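**Q** Have a look at this one before I ask anything.
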Amino acid sequence: MRRGLVAVLTPALFALFALTAWAGRYEGKKILFVDSYNAGYAWSDGVIEGARSVLDRTRVELRVLHMDTKRNPSEEFKRRAGLAALEAVRSFAPDVVIASDDAASKYLVQPFLKDGPVPVVFCGINWDASAYGYPYANATGMIEVDLAEEMKRLLRRYAKGDRTAYISVPSLSEDKITRIYNERFYHGELKMFLVRTFDEFKAAFVAAQKETDMLIVSNYAGIDRWDPAEAEAFIVQNTRVPTGARLDWMAPYALITLAKVPEEQGVWSARTALLILDGTRPSSIPVVTNREAGLIINLRIAERLGIVFDRSLLKNATIIGRGPGPGTGGRP
């Protein structure tokens with residue numbers, strides 16, 4: 001006599017059967033992922049990789065559109081990129097839009113999709129989403145925050161005073177980040193250095209350390225003629241105060257990096273998009289903030305400063321800069 005299907009399924013086959021049935025729920029569904037930046041930019045690549053790690057196990061059709069506003073920061077270009085993204089929404093007719101980072105919300109979601117029929121999941125918006133009119137009836141998301149207070153405490157352990165400088169590139173997201181850093185964590189006393197070229201960065205890096213006790217280096221994406229190997233060698237040679245970074249690809253250029261994990265934004269956004277496809281109203285899903293971060297310690301810069309880290313701190317960190325001479329540097 002034939003045995004029933006469930007009786008002959010091994011646990012592995014049963015899991016595969018269940019996964020296939022679950023994935024089949026999304027047959028014919030479409031998600032448009034609108035990235036504010038460009039393919040090859042490490043943050044965007046990480047967010048998209050996180051989303052794909054979830055969606056590749058379903059039968060959702062995922063389409064990715066890059067707005068490329070990191071490399072093209074003019075207002076005119078951003079508005080055109082927003083209109084191009086709107087045309088993609090109209091032609092692709094997605095069931096959910098994932099809008100990654102600030103420009104996607106400012107130039108696509110806020111002017112064209114707010115409170116409309118297309119559900120939106122935003123991610124990567126730095127610190128505060130209210131600037132783009134959120135919350136909407138058709139949207140939810142994950143806000144991107146830095147471990148700024150933790151970074152401040154870590155650097156202060158090795159600094160001679162409290163004066164802090166911040167080197168940044170003028171851009172939509174960086175301008176908001178520096179304003180929030182200054183208001184929330186440094187009481188208006190953060191010394192700002194805005195740079196556009198590698199030469200300007202080098203001049204600011206030297207000048208900042210003459211005026212302050214700690215230095216945060218933000219993001220070299222957008223700095224013209226940046227040379228990773230030359231930058232690493234220059235920074236190791238010219239570091240005089242404890243330095244910090246908030247992005248993992250900036251770790252070769254800073255003593256301490258507390259890096260957010262871009263994949264976390266993508267995984268959460270994709271899972272939330274699936275909840276919406278299952279019938280959950282976006283407005284009923286709470287807006288959250290990222291929780292994951294990695295500590296990276298640069299021993300080459302520590303040696304330059306004569307800093308010896310506690311073993312307990314090293315145990316919980318990724319260590320770089322062990323060998324002689326500069327490494328390969330990061331990439332955005």
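The values are calculated or read from the model by the stated rules, or taken from the named source; none is laboratory data. Note that the structure is predicted; figures quoted are calculated from it, not measured. Here Cβ is always computed from backbone atoms with ideal geometry, including for glycine, and neighbour counts include all displayed protein chains.
**Q** Picking from 213, 199, 227, which residue would you name as being closer than 19 Å to residue 163 by Cα and of a type in the set (Asp, Glu)? Steps first, answer last, please.
**A** Details: 199 fails: closer than 19 Å to residue 163 by Cα; 227 fails: closer than 19 Å to residue 163 by Cα.
Only one candidate qualifies: 213.
**Q** State all residues of region 288-323 that are out of contact with any Asp or Glu (no Cβ under 9 Å at 6 or more places or on another chain) and touching a residue at least 60 places away in the same chain (Cβ under 8 Å); if no residue qualifies, say none.
**A** 288, 301, 304, 305, 307, 320
**Q** Which residue out of 130, 105, 100 is farther than 24 Å from residue 259 by Cβ, in the same structural domain as residue 41 (by TED's automatic domain parsing) and of a type in the set (Ser, Thr, Tyr)? Spell out the reasoning first.
**A** Working: 105 fails: farther than 24 Å from residue 259 by Cβ; 100 fails: farther than 24 Å from residue 259 by Cβ.
On inspection, the qualifying residue turns out to be 130.
**Q** On to the next question. In this structure, does residue 48 turn out to be under 27 Å from residue 178 (Cα atoms), of a type in the set (Val, Ile, Thr) and at pLDDT below 95?
**A** Working: under 27 Å from residue 178 (Cα atoms): yes; of a type in the set (Val, Ile, Thr): yes; at pLDDT below 95: no.
When the stated conditions are applied, residue 48 does not pass them.
**Q** Collect the residues in region 51-76 that are surrounded by fewer than 17 Cβ atoms within 10 Å (Cβ to Cβ), modelled with pLDDT of 95 or more and among the small types (Gly, Ala, Ser), keeping them in residue-number order.
**A** Within region 51-76, just 53 meets the criteria.
**Q** Would you confirm, using the coordinates I've provided, whether residue 283 is over 24 Å from residue 49 (Cβ atoms), in contact (Cβ under 8 Å) with a residue 12 or more places away in the chain, assigned by TED's automatic domain parsing to the domain that holds residue 30 and not in a loop (DSSP other than H, G, I, E, B)? Walk me through it before giving the result.
**A** Numbers: over 24 Å from residue 49 (Cβ atoms): yes; in contact (Cβ under 8 Å) with a residue 12 or more places away in the chain: yes; assigned by TED's automatic domain parsing to the domain that holds residue 30: yes; not in a loop (DSSP other than H, G, I, E, B): yes.
So residue 283 passes the test.
**Q** Just checking, does region 298-314 include any residue being hydroxyl-bearing (Ser, Thr, Tyr), more than 26 Å from residue 186 (Cα to Cα) and outside any strand (DSSP E or B)?
**A** Going residue by residue through region 298-314, those that are hydroxyl-bearing (Ser, Thr, Tyr) are 312.
Adding the requirement that they be more than 26 Å from residue 186 (Cα to Cα) leaves 312.
With outside any strand (DSSP E or B) added as a condition, the list becomes 312.
There is at least one residue in region 298-314 that is hydroxyl-bearing (Ser, Thr, Tyr), more than 26 Å from residue 186 (Cα to Cα) and outside any strand (DSSP E or B).
**Q** Now for a different question. Within region 265-316, restricting attention to residues that are among the basic types (Lys, Arg) and exposed (fewer than 13 other Cβ atoms within 10 Å of the Cβ), which residue is farthest from residue 151 (Cα to Cα)? Working first, answer last.
**A** Narrowing region 265-316 to residues among the basic types (Lys, Arg): 271, 281, 291, 300, 304, 311, 315.
Applying the additional criterion that residues be exposed (fewer than 13 other Cβ atoms within 10 Å of the Cβ) yields 281, 291, 311, 315.
Details: 281: 37, 291: 15, 311: 18, 315: 17 Å.
Restricting to residues being among the basic types (Lys, Arg) and exposed (fewer than 13 other Cβ atoms within 10 Å of the Cβ), the top hit is 281.
**Q** Kindly list, by first and then second residue, each pair from a residue in region 157-172 that is not assigned by TED's automatic domain parsing to the domain that holds residue 125 and of a type in the set (A, V, I, L, M) to a residue that is assigned to a strand (DSSP E or B) and surrounded by fewer than 23 Cβ atoms within 10 Å (Cβ to Cβ), limited to pairs with Cβ atoms under 9 Å and residues at least 6 apart or on different chains.
**A** 165/191; 165/192; 165/193; 167/192; 167/193; 167/194; 169/194
**Q** Of the residues 235, 223, 256, which is within 22 Å of the chain's Cα centre (by Cα) and closer than 25 Å to residue 309 by Cα?
**A** Details: 235 fails: within 22 Å of the chain's Cα centre (by Cα); 223 fails: closer than 25 Å to residue 309 by Cα.
One residue alone meets the criteria, 256.
**Q** Same structure again: Condition first: outside any loop (DSSP other than H, G, I, E, B) and surrounded by fewer than 21 Cβ atoms within 10 Å (Cβ to Cβ). Now tell me which residues in region 31-50 satisfy that. First the steps, then the outcome.
**A** Taking region 31-50 first, the residues outside any loop (DSSP other than H, G, I, E, B) are 31-35, 42-50.
The answer is 42, 45, 46, 49.
**Q** Taking the residues in region 125-145 that are at pLDDT below 95 and crowded, with 24+ Cβ neighbours inside 10 Å as candidates, determine which candidate is nearest to residue 185 (Cα to Cα).
**A** 144
**Q** Also, I was wondering about something else. Here is a list: 244, 222. Which entry is at positive phi and not assigned by TED's automatic domain parsing to the domain that holds residue 134?
**A** Just a single option satisfies the conditions, and that option is 222.
**Q** Same structure, new question: For the condition under 18 Å from the mean Cα position of the chain (by Cα), under 26 Å from residue 287 (Cα atoms) and assigned to a loop (DSSP other than H, G, I, E, B), what is the one hit in 115, 128? Explain how you work it out, then say what you get.
**A** Details: 115 fails: under 18 Å from the mean Cα position of the chain (by Cα).
Checking each option against the conditions leaves just 128.
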